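**Student:** Take this structure first; my questions come after.
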Amino acid sequence: MIIKKADIETIAVKTSQYPSQEFPEIAFAGRSNVGKSSLLNLLTNRRNLARTSGNPGKTRTINFYRVNDEFRIVDLPGYGYAKISKSQSEGWGAMMEEYLEHRENLVKVIQLVDIRHAPSVQDVQMYNYLRHFGLDGIVVATKADKVSTNEKQKCINVIRETLGLSGEDKVIPVSALKRTGYDVLLNEIESLIQR
Ligand code: GTP
Ligand code: MG
(Lines give C-alpha, C1' and ligand atoms only; values in the text may rest on other atoms or scores of the structure.)
(Ligands and ions follow the chains in the order given, each with its own letter.)
Protein backbone atom coordinates (compact mmCIF):
# COMPACT_ATOMS: atom_id res chain seq x y z
CA MET A 1 0.00 0.00 0.00
CA ILE A 2 1.19 3.49 -0.78
CA ILE A 3 0.04 6.32 1.43
CA LYS A 4 -0.72 9.26 -0.79
CA LYS A 5 -2.63 11.38 1.62
CA ALA A 6 -2.86 11.64 5.40
CA ASP A 7 -4.41 14.36 7.51
CA ILE A 8 -5.71 14.98 10.96
CA GLU A 9 -9.49 14.74 10.85
CA THR A 10 -10.66 15.13 14.43
CA ILE A 11 -9.28 15.53 17.94
CA ALA A 12 -11.71 14.15 20.48
CA VAL A 13 -12.16 13.68 24.20
CA LYS A 14 -15.73 12.39 24.03
CA THR A 15 -17.95 10.30 21.76
CA SER A 16 -19.96 13.19 20.37
CA GLN A 17 -16.73 14.54 18.85
CA TYR A 18 -15.80 11.33 17.00
CA PRO A 19 -15.97 11.45 13.20
CA SER A 20 -18.58 9.37 11.37
CA GLN A 21 -18.00 5.61 11.12
CA GLU A 22 -17.66 5.46 7.33
CA PHE A 23 -13.99 4.36 7.38
CA PRO A 24 -12.39 1.38 9.11
CA GLU A 25 -10.09 2.38 11.96
CA ILE A 26 -6.80 1.00 13.22
CA ALA A 27 -5.78 2.37 16.63
CA PHE A 28 -2.37 2.66 18.29
CA ALA A 29 -2.16 1.91 22.01
CA GLY A 30 0.85 1.92 24.29
CA ARG A 31 2.43 3.60 27.22
CA SER A 32 3.31 7.22 27.05
CA ASN A 33 6.58 7.89 25.21
CA VAL A 34 6.68 4.45 23.52
CA GLY A 35 6.59 6.07 20.08
CA LYS A 36 2.93 6.01 18.90
CA SER A 37 2.98 9.46 17.33
CA SER A 38 6.42 8.82 15.79
CA LEU A 39 5.14 5.61 14.21
CA LEU A 40 2.18 7.44 12.72
CA ASN A 41 4.53 9.98 11.15
CA LEU A 42 6.73 7.17 9.82
CA LEU A 43 3.81 5.28 8.27
CA THR A 44 2.37 8.35 6.62
CA ASN A 45 5.78 9.72 5.67
CA ARG A 46 4.91 13.02 7.30
CA ARG A 47 7.50 14.31 9.69
CA ASN A 48 5.18 16.44 11.78
CA LEU A 49 1.70 15.09 11.26
CA ALA A 50 1.44 13.90 14.86
CA ARG A 51 3.30 15.84 17.52
CA THR A 52 6.02 13.87 19.22
CA SER A 53 7.91 14.73 22.34
CA GLY A 54 10.62 13.58 24.72
CA ASN A 55 8.22 14.51 27.53
CA PRO A 56 5.78 11.69 28.16
CA GLY A 57 2.10 12.56 28.07
CA LYS A 58 2.16 14.55 24.85
CA THR A 59 -0.96 13.01 23.33
CA ARG A 60 -3.87 13.30 25.75
CA THR A 61 -6.71 13.22 23.30
CA ILE A 62 -7.96 10.66 20.79
CA ASN A 63 -6.59 11.84 17.47
CA PHE A 64 -8.20 10.57 14.26
CA TYR A 65 -6.07 10.68 11.11
CA ARG A 66 -7.65 10.00 7.76
CA VAL A 67 -5.44 8.09 5.34
CA ASN A 68 -5.98 7.94 1.55
CA ASP A 69 -9.70 8.62 2.13
CA GLU A 70 -9.77 4.89 2.81
CA PHE A 71 -9.21 4.27 6.51
CA ARG A 72 -8.20 6.01 9.71
CA ILE A 73 -5.30 5.63 12.08
CA VAL A 74 -6.29 6.57 15.61
CA ASP A 75 -3.57 7.77 17.98
CA LEU A 76 -4.73 6.96 21.50
CA PRO A 77 -3.43 8.76 24.58
CA GLY A 78 -0.57 6.92 26.27
CA TYR A 79 -0.88 5.23 29.66
CA GLY A 80 1.58 4.88 32.50
CA TYR A 81 2.36 8.55 32.68
CA ALA A 82 3.23 9.19 36.32
CA LYS A 83 2.67 12.93 36.51
CA ILE A 84 -1.09 12.93 36.23
CA SER A 85 -3.66 13.20 38.97
CA LYS A 86 -6.11 10.45 39.94
CA SER A 87 -9.02 12.26 38.34
CA GLN A 88 -7.06 12.74 35.11
CA SER A 89 -6.23 9.06 35.07
CA GLU A 90 -9.89 8.11 35.63
CA GLY A 91 -10.82 10.42 32.78
CA TRP A 92 -8.27 8.67 30.62
CA GLY A 93 -9.74 5.26 31.48
CA ALA A 94 -13.29 6.29 30.69
CA MET A 95 -12.22 7.88 27.42
CA MET A 96 -10.33 4.75 26.34
CA GLU A 97 -13.15 2.40 27.33
CA GLU A 98 -15.70 4.38 25.46
CA TYR A 99 -13.68 4.24 22.30
CA LEU A 100 -12.37 0.67 22.53
CA GLU A 101 -15.59 -0.99 23.63
CA HIS A 102 -18.13 0.81 21.50
CA ARG A 103 -16.51 1.87 18.26
CA GLU A 104 -18.02 -0.38 15.61
CA ASN A 105 -15.66 0.54 12.78
CA LEU A 106 -12.59 -0.21 14.93
CA VAL A 107 -10.91 -3.12 13.18
CA LYS A 108 -7.76 -3.70 15.22
CA VAL A 109 -5.63 -2.15 17.92
CA ILE A 110 -1.91 -2.21 17.40
CA GLN A 111 -0.18 -2.43 20.73
CA LEU A 112 3.20 -0.74 20.92
CA VAL A 113 5.92 -1.83 23.35
CA ASP A 114 9.51 -0.68 23.68
CA ILE A 115 11.78 -3.36 22.23
CA ARG A 116 14.36 -2.86 25.00
CA HIS A 117 12.18 -3.73 27.96
CA ALA A 118 9.92 -6.56 29.03
CA PRO A 119 6.32 -5.29 28.74
CA SER A 120 5.13 -3.60 31.94
CA VAL A 121 2.20 -4.71 34.10
CA GLN A 122 0.11 -2.06 32.37
CA ASP A 123 1.17 -3.31 28.93
CA VAL A 124 0.04 -6.79 29.91
CA GLN A 125 -3.26 -5.44 31.27
CA MET A 126 -3.86 -3.50 28.09
CA TYR A 127 -3.11 -6.49 25.91
CA ASN A 128 -5.40 -8.75 27.93
CA TYR A 129 -8.11 -6.14 27.68
CA LEU A 130 -7.69 -6.04 23.89
CA ARG A 131 -7.73 -9.83 23.80
CA HIS A 132 -11.02 -9.83 25.70
CA PHE A 133 -12.59 -7.69 22.98
CA GLY A 134 -10.94 -9.56 20.11
CA LEU A 135 -8.85 -6.54 19.16
CA ASP A 136 -5.46 -8.17 19.82
CA GLY A 137 -3.03 -9.85 17.44
CA ILE A 138 -0.49 -7.26 16.37
CA VAL A 139 2.29 -5.92 18.55
CA VAL A 140 4.83 -3.39 17.32
CA ALA A 141 8.22 -3.33 19.06
CA THR A 142 9.36 0.29 18.83
CA LYS A 143 12.83 1.85 18.93
CA ALA A 144 14.39 -1.21 17.26
CA ASP A 145 17.46 0.92 16.47
CA LYS A 146 18.31 0.77 20.19
CA VAL A 147 19.19 -2.94 20.17
CA SER A 148 21.72 -4.87 18.10
CA THR A 149 20.67 -7.35 15.46
CA ASN A 150 21.83 -10.14 17.78
CA GLU A 151 19.71 -8.93 20.67
CA LYS A 152 16.61 -8.31 18.59
CA GLN A 153 15.20 -11.84 18.53
CA LYS A 154 15.87 -12.29 22.23
CA CYS A 155 13.97 -9.07 23.00
CA ILE A 156 11.08 -10.17 20.80
CA ASN A 157 10.91 -13.51 22.61
CA VAL A 158 10.68 -11.72 25.97
CA ILE A 159 7.83 -9.60 24.59
CA ARG A 160 6.05 -12.71 23.27
CA GLU A 161 6.37 -14.53 26.58
CA THR A 162 5.40 -11.60 28.80
CA LEU A 163 2.30 -10.76 26.78
CA GLY A 164 1.44 -14.46 26.39
CA LEU A 165 1.23 -14.26 22.61
CA SER A 166 0.07 -17.19 20.55
CA GLY A 167 1.84 -18.43 17.43
CA GLU A 168 -0.42 -16.39 15.16
CA ASP A 169 0.11 -13.10 16.99
CA LYS A 170 2.67 -10.92 15.28
CA VAL A 171 5.48 -8.83 16.71
CA ILE A 172 6.82 -6.32 14.21
CA PRO A 173 10.02 -4.45 15.06
CA VAL A 174 10.10 -0.86 13.78
CA SER A 175 12.40 2.10 14.04
CA ALA A 176 11.11 5.59 13.43
CA LEU A 177 14.70 6.80 13.59
CA LYS A 178 16.12 4.40 10.98
CA ARG A 179 12.83 4.25 9.10
CA THR A 180 12.60 0.46 9.14
CA GLY A 181 9.78 -2.01 9.64
CA TYR A 182 6.96 0.27 8.53
CA ASP A 183 6.52 -1.58 5.19
CA VAL A 184 5.75 -4.83 7.05
CA LEU A 185 3.26 -3.03 9.25
CA LEU A 186 1.64 -1.28 6.29
CA ASN A 187 1.06 -4.67 4.64
CA GLU A 188 -0.64 -5.89 7.81
CA ILE A 189 -2.83 -2.81 7.94
CA GLU A 190 -3.71 -3.23 4.29
CA SER A 191 -4.95 -6.78 4.81
CA LEU A 192 -6.92 -5.72 7.90
CA ILE A 193 -8.84 -2.95 6.21
CA GLN A 194 -9.66 -5.02 3.14
CA ARG A 195 -11.51 -7.66 5.11
P1 GTP B 1 2.67 10.11 24.16
O2 GTP B 1 2.08 11.04 23.15
O3 GTP B 1 3.22 10.78 25.37
O4 GTP B 1 1.75 9.00 24.52
O5 GTP B 1 4.00 9.45 23.50
P6 GTP B 1 4.13 8.69 22.11
O7 GTP B 1 3.91 7.24 22.34
O8 GTP B 1 3.30 9.34 21.05
O9 GTP B 1 5.70 8.87 21.80
P10 GTP B 1 6.42 9.83 20.74
O11 GTP B 1 6.17 9.37 19.35
O12 GTP B 1 6.11 11.25 21.07
O13 GTP B 1 7.96 9.49 21.03
C14 GTP B 1 8.54 9.65 22.32
C15 GTP B 1 10.04 9.82 22.20
O16 GTP B 1 10.64 8.62 21.68
C17 GTP B 1 10.46 10.94 21.25
O18 GTP B 1 11.59 11.59 21.83
C19 GTP B 1 10.85 10.20 19.97
O20 GTP B 1 11.82 10.88 19.22
C21 GTP B 1 11.42 8.89 20.52
N22 GTP B 1 11.26 7.79 19.54
C23 GTP B 1 10.10 7.38 18.96
N24 GTP B 1 10.32 6.36 18.11
C25 GTP B 1 11.65 6.11 18.14
C26 GTP B 1 12.50 5.15 17.45
O27 GTP B 1 12.09 4.32 16.65
N28 GTP B 1 13.83 5.19 17.77
C29 GTP B 1 14.35 6.07 18.67
N30 GTP B 1 15.64 6.01 18.92
N31 GTP B 1 13.58 6.98 19.30
C32 GTP B 1 12.25 7.02 19.05
MG1 MG C 1 1.88 10.81 21.15
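The values are calculated or read from the model by the stated rules, or taken from the named source; none is laboratory data. Owing to the predicted nature of the structure, the values given are computational and were not obtained by experimental measurement. Every residue, glycine among them, receives a Cβ derived from its backbone with ideal geometry; neighbour counts consider all protein chains shown. Note: areas computed on protein heavy atoms with side chains; ligands, DNA, RNA excluded. Shrake-Rupley method; radii C 1.70, N 1.55, O 1.52, S 1.80 Å.
**Student:** Using alpha-carbon positions, what is the distance between the centroids of the range 171-195 and the range 21-79, in Å?
**Tutor:** One Cα centre to the other: 14 Å.
**Student:** Right, another one. Using a 1.4 angstrom probe on the protein heavy atoms only, line up 9, 22 by accessible area, largest first.
**Tutor:** These residues rank, largest area first, as 22, 9.
**Student:** For the range 88-171, which GluC sites (Glu not before Pro) are both in a DSSP coil and crowded by at most 11 other Cβ atoms within 10 Å?
**Tutor:** Counting only loop positions with at most 11 other Cβ atoms within 10 Å, the GluC sites (Glu not before Pro) in the range 88-171 are 104, 168.
**Student:** Between residue 101 and residue 86, what length comes free when the chain is fully extended (0.36 nm per residue of separation minus the Cα-Cα distance, one decimal in nm)?
**Tutor:** 3.2 nm
**Student:** Could you quote the convex hull projected area for the chain, Cα atoms only and averaged over all directions, in nm²?
**Tutor:** Average projection, Cα convex hull of the chain: 10.3 nm².
**Student:** Which trypsin sites (Lys or Arg not before Pro) from the range 1-32 combine a DSSP loop assignment with at most 15 other Cβ atoms within 10 Å?
**Tutor:** 4, 5, 14
**Student:** Now for a different question. Amide H neighbours of residue 112 under 5 Å, at least 5 residues apart or on other chains, H built in the peptide plane: list them.
**Tutor:** 29, 30, 140
**Student:** Can you list which of the chymotrypsin sites (Phe, Trp or Tyr not before Pro) found in the range 71-140 are DSSP loop residues with at most 16 other C-beta atoms within 10 Å?
**Tutor:** The qualifying sites are 133.
**Student:** Between residue 47 and residue 122, what is the label-to-label distance in nm when each label sits 7 Å out along the Cα-to-Cβ direction?
**Tutor:** Modelled inter-label distance: 3.1 nm.
**Student:** Mind checking which helices in the chain clear 20 Å along their axis (Cα) and have mean Kyte-Doolittle hydropathy of -1.0 or more, DSSP H runs only?
**Tutor:** Flagged H segments are 149-163.
**Student:** Accessible surface of residue 95 in the full protein assembly, 1.4 angstrom probe, to the nearest 10 Å²?
**Tutor:** 20
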